[in-house]
Amino acid sequence: MSKCCGWVLLLGLTAMNVWAGGGGEPRPAVRYDQELNQISMREAESLMGQPGVHFYDVNTLEIWADGYIPGAVFFNVRDWKKLLPENKDATLVFYCVNRLCTSSVLAARAVMKLGYTDVRQMPDGIYGWRISGRPVAKP
């Protein structure tokens with residue numbers, strides 16, 4: 001067997017059992033029942049200002065203060081459930097700083113567990129938004 005095929009076989013076998021450690025005993029990685037609806041900046045921009053659409057910034061206060069998507073609500077607070085609309089069919093868009101940040105993914109999944117049906121996450125975050133020249137607001 002060639003070196004290349006051996007690596008493919010090895011990678012294929014390791015992909016079957018995924019484990020998460022984090023310093024403790026290894027345990028099976030979390031598997032989510034619902035697929036996260038990730039959207040592009042263009043899609044997010046097209047939703048801005050539409051009725052029933054809510055944007056949530058899941059960044060730190062320092063990043064928020066440096067600029068956020070106009071109309072977005074600062075979500076990184078202890079009582080974040082109070083920020084959610086009563087209508088569980090409303091469109092909720094979550095973002096954090098960039099594709100390496102997982103805060104908006106965690107927030108979106110937590111909201112999905114509460115029964116919200118149209119939850120979206122923008123992976124490019126506020127840094128992608130700014131770099132693209134889109135407008136930002138400041139507190």
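Tabulated data for the structure shown
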item: Set Tyr68, Tyr56, Tyr116: member being touching a Ser or Thr at 6+ places or on another chain (Cβ under 9 Å) and surrounded by 13 or more Cβ atoms within 10 Å (Cβ to Cβ); result: Tyr56
item: Residue match in the stretch 65-86 (condition: more than 23 Å from Pro139 (Cα to Cα), out of contact with any strand residue (DSSP E or B) (no Cβ under 7 Å at 6 or more places or on another chain) and of a type outside the set (Val, Ile, Thr)); result: yes
item: The one condition in (1) at pLDDT 95 or above; (2) surrounded by fewer than 17 Cβ atoms within 10 Å (Cβ to Cβ) that Arg78 fails to fulfil; result: (1)
item: Unmet requirement for Ser46, which otherwise passes all of (1) of a type in the set (S, T, N, Q); (2) surrounded by fewer than 18 Cβ atoms within 10 Å (Cβ to Cβ); (3) at pLDDT 95 or above; (4) part of a loop (DSSP other than H, G, I, E, B); result: (4)
item: Flag for Tyr127 being more than 13 Å from the chain's Cα centre (by Cα), part of a loop (DSSP other than H, G, I, E, B), modelled with pLDDT of 95 or more and of a type in the set (Ser, Thr, Tyr); result: no
item: Checklist (1) closer than 18 Å to Met48 by Cβ; (2) of a type outside the set (Lys, Arg); (3) out of contact with any helix residue (DSSP H, G or I) (no Cβ under 8 Å at 6 or more places or on another chain) applied to Thr117, failing item; result: (1)
item: Residues satisfying the stated conditions in the stretch 81-111, i.e. surrounded by fewer than 16 Cβ atoms within 10 Å (Cβ to Cβ), assigned to a loop (DSSP other than H, G, I, E, B) and out of contact with any Asp or Glu (no Cβ under 8 Å at 6 or more places or on another chain); result: Pro85, Glu86, Asn87, Lys88, Leu100, Thr102
item: Candidates Gly125, Gly71, Gly133, filtered to the one that is out of contact with any Phe, Trp or Tyr (no Cβ under 7 Å at 6 or more places or on another chain) and on the phi > 0 side of the Ramachandran plot; result: Gly133
item: Residue among Val105, Val97, Val77, Val58 that alone is over 23 Å from Ile131 (Cβ atoms) and of a type outside the set (Lys, Arg); result: Val77
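Each row is one residue, and each column tells you yes or no for (1) closer than 18 Å to Asn37 by Cα; (2) of a type in the set (D, E, K, R); (3) modelled with pLDDT under 95.
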site: Thr60; (1), (2), (3): no, no, no
site: Tyr68; (1), (2), (3): no, no, no
site: Phe74; (1), (2), (3): no, no, no
site: Asp89; (1), (2), (3): yes, yes, no
site: Tyr95; (1), (2), (3): yes, no, no
site: Pro139; (1), (2), (3): no, no, yes
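The values are calculated or read from the model by the stated rules, or taken from the named source; none is laboratory data. Since the structure is predicted, the reported quantities are computational estimates derived from the model, not experimental observations. Because the Cβ atoms are built from the backbone with ideal geometry, glycine has one as well, and the counts that use them run over all protein chains shown.
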